[in-house]
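One structure below.
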Amino acid sequence: MNSSAASRVVITGIGLVTAIGNSVDAFWKNCLNGETRIEATPDHWDAYYSATSKYWSPLDLPDFSRHGLRGSDLLTMDPAVLIAIAAADEALENAKIERSLQAPRSGKYLSSNIDSAKSGSFVGTGLGCITSTLDNYTPHLLKSSRPDLDRWLEDQSQVSSSKELLANFAVNRSVSPVASLKSMPNSIGATLSIRYNLRGPADTCSMACASGLGAIGRAYEAVKSGRLNLALGGGAEFYGDRAGGVFMAFDRLGALAKADLSRNHVNRPFDEARSGFLFSQGGACFLVLEDFEHARLRGVAPIAEILGTYETSDAISLASIHADDNSIREMICGAIAAADVPVEAIDYVNAHGTGTATNDKVESDILFEIFGPRPLVNSTKSLLGHTIGASGAIEAAVTALSLKNGTVHPSLNIDNPIGGLNYATERRTASLEYALTQNFGFGGHNVGMVLARV
Amino acid sequence: MNNVLPINLGRQRIRKVVFAALVDVLALDEATLEESLKVVEDLDADSMSILALVIVIEDALSIEIDPAELHMSDATIGHVIDYISGQQEP
């Protein structure tokens, strides 16, 4: 390794909640087997909007009682917070962080083998806790009209029940007293700091699709600088509004997969016939980042090492990447320079790989220009679809697991590849020493990170 | 929803709703609950679980409650039941 022992940052724990597995073991096995979870969008969404895209990847929420979460937690926390807790619990457990409850039923833990003042959380999220925002704003809007609406509905013989019709408008019957707290994007990181007694920074990073990797980058910098010796870094995203409003928003933007293809062929990053990304209902992933020496003294074996990260902004458009005027090359070269490894050393690239026409074209062209056809390349979004704020964290976890296991998962549906890259269209085993993972977010955010096998 | 109960309910009915909310939100055994117990001091309710109690009671009774009016920091279960019972048309 090129960095000095004192400043090395390693990953010692991973936790995941995804559509293809709610534990590292299940997730990784399903990745290698090329498993997906793709379904037709719910029929009742058609009553609100005629979408161009017809498929999504729904997320089954885990059993939160296994994480000691009570009725009060389920009522006062957004689902994005709940899945973040589930993922962070697993990451800390894998990292052998010892925890004990501060008091019975408190839901707050103390850790005997970490220094709270030198531990923090860094959370990436795109739309924050938008389920709670939407669930509470609808009843607020309806309230002034509700008496008139009730009276009118009583006269409508074709409507079986006003309650039934009103149920289509609102999940909540009134604005919750915790609506503001549940809706805050920072409630994810704040809840993690409260739950695990992390008294360093609790930072929230919102850079759309690059949020998760951006958050891990900030966690890395905090540990590398010595400000912290342990940090949770990751991302969480969940869209639970009953009417599919977030799906509709991305569909209206024209970003979602449109091709009239069968369910298992619609999601095809880096293929000629790609037509947009597969909308995912969400996911969460957290990594435990730790100073190498801190981990060694605790007797915990690292999963992988982070060597460097770099961010740039295109400063061009909120919506799209410009083919000739972007800052992606600078981001990749900056990450490699920060890692202090030669370009030729990169064995594997976990690409952003959304499946949108311009993104994949620009990304594949730049990757070929910098790396040529040598490194293996895959898209984790070809399995999961796009989990927005969680995607970069999930892909960083995949990159670390690929390095550790010397295996990369298949990138699905690349029948006619673009860009001349060395795509892993099937599971591939190789000696992997260094890897790059990268993400681009709406708004022109570019983040790259170089990881190494330990 | 209103801050006045839509129909007059007996205190016993409101008591049942409040007890059920405490069992649900704080994961308590109903057999251990008595009206003289203090919600914070005896039942370990924190600020977030108090808000969760309000959500469950509001939903069950179709009423809006101002959490500050409950004075939960010192209230007994009986005080909570009495406050809600008072939110009825005379």
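Tabulated results
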{"item": "Placed amide H near A:THR380: partners under 5 Å, 5+ positions off or other chain", "result": "A:ALA351"}
{"item": "Euclidean distance between Cα centres, segment A:60-122 to segment A:234-291, Å", "result": "27 Å"}
{"item": "With Cα atoms, 0 to 90° folded angle of helix A:328-339 axis to chain A main axis", "result": "50 degrees"}
{"item": "Distance-filtered residues of segment A:41-64 - backbone nitrogen under 18 Å, label point 7 angstrom along A:LEU153 Cα→Cβ", "result": "A:47-48"}
{"item": "Net charge of neighbours whose Cβ lies under 15 Å from the Cβ of A:ALA208, counting Lys and Arg as +1 and Asp and Glu as -1", "result": "-3"}
{"item": "Ellipticity estimate at 222 nm from DSSP helix runs (n ≥ 4, -39,500 (n - 2.57)) divided over chain B, nearest 500", "result": "-14000 deg cm²/dmol"}
{"item": "Hypothetical label at A:HIS265: residues of segment A:31-60 whose amide nitrogen lies under 15 Å (7 Å Cα-Cβ projection)", "result": "none"}
{"item": "Segment B:11-85, accessible surface, carbon-and-sulfur percent (1.4 angstrom probe)", "result": "49 percent"}
{"item": "Whole-Hz ³J(HN,Hα) from phi, Karplus 6.51 cos²θ - 1.76 cosθ + 1.60, for segment A:357-371, glycine and proline x", "result": "4, 6, 3, 5, 5, 5, 4, 5, 4, 5, 4, 5, 4, 8, 10"}
{"item": "Alpha-carbon centroid distance for the pair segment A:359-401 / segment A:421-454, whole angstrom", "result": "5 Å"}
{"item": "Shape call, segment A:288-425: gyration tensor on alpha carbons, a/c limit 1.5", "result": "prolate"}
{"item": "Residues whose placed amide H lies under 5 Å from that of A:GLY240, excluding near-sequence neighbours", "result": "A:THR131"}
{"item": "Prolate/oblate/rounded label for segment B:11-85 (Cα gyration tensor, a/c 1.5)", "result": "rounded"}
{"item": "Exercise: per-residue mean of other protein chain Cβ atoms within 10 Å, B:42-52", "result": "5"}
{"item": "Beta bridges per DSSP with both ends in the protein assembly as shown, % antiparallel, nearest 5", "result": "65 percent"}
{"item": "Helix A:79-94 axis, angle to chain A major axis (alpha carbon atoms, nearest 10°)", "result": "30 degrees"}
{"item": "Inter-chain shielding of B:62-73 (mean C-beta neighbours from other protein chains, 10 Å cut-off)", "result": "1"}
{"item": "Estimated 222 nm signal from helices in chain A, with DSSP H stretches of n ≥ 4 weighted -39500 (n - 2.57), rounded to 500", "result": "-10000 deg cm²/dmol"}
{"item": "Chain A: radius of gyration over Cα atoms, expressed as a fraction of 2.2 N^0.38 Å", "result": "0.98"}
{"item": "Interchain or long-range residues, amide H under 5 Å from B:ASP46's placed H", "result": "none"}
{"item": "Percent carbon-and-sulfur accessible area, chain A, ignoring ligands, DNA and RNA, probe 1.4 Å", "result": "51 percent"}
{"item": "Accessible area per residue in Å² at 1.4 Å probe, computed on segment B:11-85", "result": "47 Å²"}
{"item": "Proximal lysines to A:LYS361, defined as alpha-carbon separation beneath 27 angstrom and excluding residues fewer than eight positions away on the same chain", "result": "A:LYS54, A:LYS258, A:LYS381"}
{"item": "Computed magnitude of the charge dipole of segment B:11-85 (debye, nearest 20; Cβ of K, R +1, Cβ of D, E -1)", "result": "320 debye"}
{"item": "Projected label distance in nm at B:GLN88 and B:HIS71, using a 7 Å step from Cα toward the beta-carbon", "result": "2.2 nm"}
{"item": "Rounded to 10°, Cα long-axis angle of helix A:187-196 versus longest principal axis of chain A", "result": "60 degrees"}
{"item": "Summed side-chain charge close to A:ALA390 - residues other than A:ALA390 whose Cβ falls under 12 Å, Lys, Arg +1, Asp, Glu -1", "result": "-1"}
{"item": "From phi via Karplus (6.51, -1.76, 1.60), per-residue ³J(HN,Hα) for segment A:412-422 in Hz, x at Gly/Pro", "result": "7, 6, 8, 7, 10, x, 9, x, x, 7, 8"}
{"item": "Longest DSSP-loop-exposure-free segment, GluC sites (Glu not before Pro), chain A, at most 16 other Cβ within 10 Å", "result": "A:99-271"}
{"item": "Neighbourhood charge, 13 Å Cβ-Cβ cut-off, centred on A:SER313 and excluding it, Lys, Arg +1 and Asp, Glu -1", "result": "-4"}
{"item": "Chain lengthening between A:ALA301 and A:ASP325 when straightened (0.36 nm per residue, less Cα-Cα)", "result": "4.4 nm"}
{"item": "Farthest toward positive dipole pole in chain A [+1 Lys/Arg, -1 Asp/Glu at C-beta], among A:ALA338, A:PHE368, A:GLY13", "result": "A:GLY13"}
{"item": "Between A and B, accessible area buried - total, square angstrom, nearest 100, 1.4 angstrom probe", "result": "1500 Å²"}
{"item": "Nearest-10 value in Å² for the accessible area of B:VAL23, using the 1.4 Å probe", "result": "50 Å²"}
{"item": "Under Karplus coefficients 6.51, -1.76 and 1.60, residue-wise ³J(HN,Hα) of segment A:27-35 in Hz, glycine/proline x", "result": "4, 5, 4, 5, 4, 5, 8, x, 7"}
{"item": "Antiparallel %, DSSP beta bridges [both residues in segment A:306-454], to 5", "result": "65 percent"}
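The values are calculated or read from the model by the stated rules, or taken from the named source; none is laboratory data. From a predicted model like this one, the values you see are computed outputs, not experimental measurements. Note that we place each Cβ from the backbone using ideal geometry, even for glycine, and neighbour counts take in every protein chain shown. Remember, those area values only see protein heavy atoms, side chains included, never the ligands or the DNA or RNA. Shrake-Rupley method; radii C 1.70, N 1.55, O 1.52, S 1.80 Å.
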